[in-house]
Amino acid sequence: MNSIIGIMGCGWLGTPLAQHLIKEGFTVHGSTTSSEKLQDLKSLGILPFKISLSENGIEGPIEAFLKNVKVLVINVPPNLRGSNKENYEVKMKHLHASLKGSSVARIIFISSTSVYGDIEGDVTETSVPHPETESGKQLLAVEEKFKNDPDLETTIIRFGGLIGPKRHPVTYLSGKKDLSNGNHPVNLIHLEDCIHIIETIVKEGYWGEIFNGVYPHHPPKQEYYVNEAQKRGLQAPIYSEPTNTQGKKIVPFNLMHYKKYRFQKPIVG
């Protein structure tokens, strides 16, 4: 196992992931788009690189970032909102091209359960994705690009909603009214499990696979978010009559059934 791991995107997930992997004995190359964060990453023991991906190409020392890296974690979410939105698929094509001739042999691509779209009922890794949103469509296209490259062993993690320090969807939902999906199940995962799943893939060599990264507890949204709001002293969201649809429940079947993975951190605060 190579001791150098690259993390493309040292943000809310990437930075604590890097810190954890360093504690486990790995050397970590980490990228950021911010000059101000370079010193912060360095102080955490991460070898930092300022790299920006855009539709026009890659700006920054990408060759130095990839040097001697055999496992690359791609943790760059689509940015398809607001005035600065870009074509995510084109950005990832530039990154994919930069890997040719590099030492990178294995990829962990951080995707999202949004690729499944509005499928009803239980959803496992064998369910056929039907993305509805533009971000979901582009994520699925990028998944396929990396997965179908015979020179790379790519493992895809489709994470549900991310929760953890200073991040929980209840803060966004607080005070909202007439929400119509209160009977739909939640599909969430804590930061600690995100990190532990990635670490497990690297250490156990789970390459060329797809995993749903969602905690296996799915209370109805109305029950869950009202309770979480009350615990935090927030105004609870107000739900209207339940919809006639059941929503989707993302099942981490491959992790739990085949890999016997045990989740670390409950989603209930």
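Structural remarks
- A count restricted to the range 78-92 and to residues that are buried (at least 16 other Cβ atoms within 10 Å of the Cβ) and either among the basic types (Lys, Arg) or within 24 Å of Ala18 (Cα to Cα) (or both) stands at 4.
- Lone qualifier among Asp151, Asp122, Asp118 - being open to solvent by 30 Å² or more (accessible area, probe 1.4 Å), modelled with pLDDT under 95 and more than 18 Å from Leu17 (Cα to Cα): Asp118
- Failed condition for Ser111, given (1) in contact with a Phe, Trp or Tyr (Cβ under 9 Å, 6 or more places away or on another chain); (2) part of a strand (DSSP E or B); (3) open to solvent by 30 Å² or more (accessible area, probe 1.4 Å): (3)
Okay, residues lined up against (1) assigned to a loop (DSSP other than H, G, I, E, B); (2) surrounded by fewer than 20 Cβ atoms within 10 Å (Cβ to Cβ); (3) among the β-branched types (Val, Ile, Thr):
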residue: Ile195; (1), (2), (3): no, no, yes
residue: Ile198; (1), (2), (3): no, no, yes
residue: Val202; (1), (2), (3): no, no, yes
residue: Gly208; (1), (2), (3): yes, yes, no
residue: His218; (1), (2), (3): yes, no, no
residue: Asn227; (1), (2), (3): no, yes, no
residue: Ala236; (1), (2), (3): yes, yes, no
residue: Gln246; (1), (2), (3): yes, yes, no
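- Extreme residue, modelled with the lowest pLDDT, among residues of the range 93-108 that are in a loop (DSSP other than H, G, I, E, B) and open to solvent by 20 Å² or more (accessible area, probe 1.4 Å): Gly101
- Checking Leu72, Leu17, Leu38, Leu44 one by one, the residue that is of a type in the set (A, V, I, L, M), open to solvent by less than 30 Å² (accessible area, probe 1.4 Å) and over 26 Å from Gly101 (Cα atoms) is Leu17 and no other.
- Scanning the range 248-269 for residues that are open to solvent by 40 Å² or more (accessible area, probe 1.4 Å) and either among the charged types (D, E, K, R) or assigned to a helix (DSSP H, G or I) (or both) yields Lys248, Lys249, Phe253, Met256, His257, Tyr258, Lys259, Lys260, Arg262, Lys265.
- Complete set of residues in the range 130-146 that are closer than 26 Å to Phe263 by Cβ and either open to solvent by 80 Å² or more (accessible area, probe 1.4 Å) or among the aliphatic types (A, V, I, L, M) (or both): Leu139, Leu140
- The range 143-180: number of residues that are under 15 Å from Ile74 (Cβ atoms) and not in a loop (DSSP other than H, G, I, E, B): 12
The values are calculated or read from the model by the stated rules, or taken from the named source; none is laboratory data. Predicted, not measured: the structure shown is a model, and the values here were computed from it. Positions of Cβ are backbone-derived with ideal geometry, glycine not excepted, and every protein chain shown enters the neighbour counts. Side chains included, ligands, DNA and RNA excluded: accessible areas come from the protein's heavy atoms. Shrake-Rupley method; radii C 1.70, N 1.55, O 1.52, S 1.80 Å.
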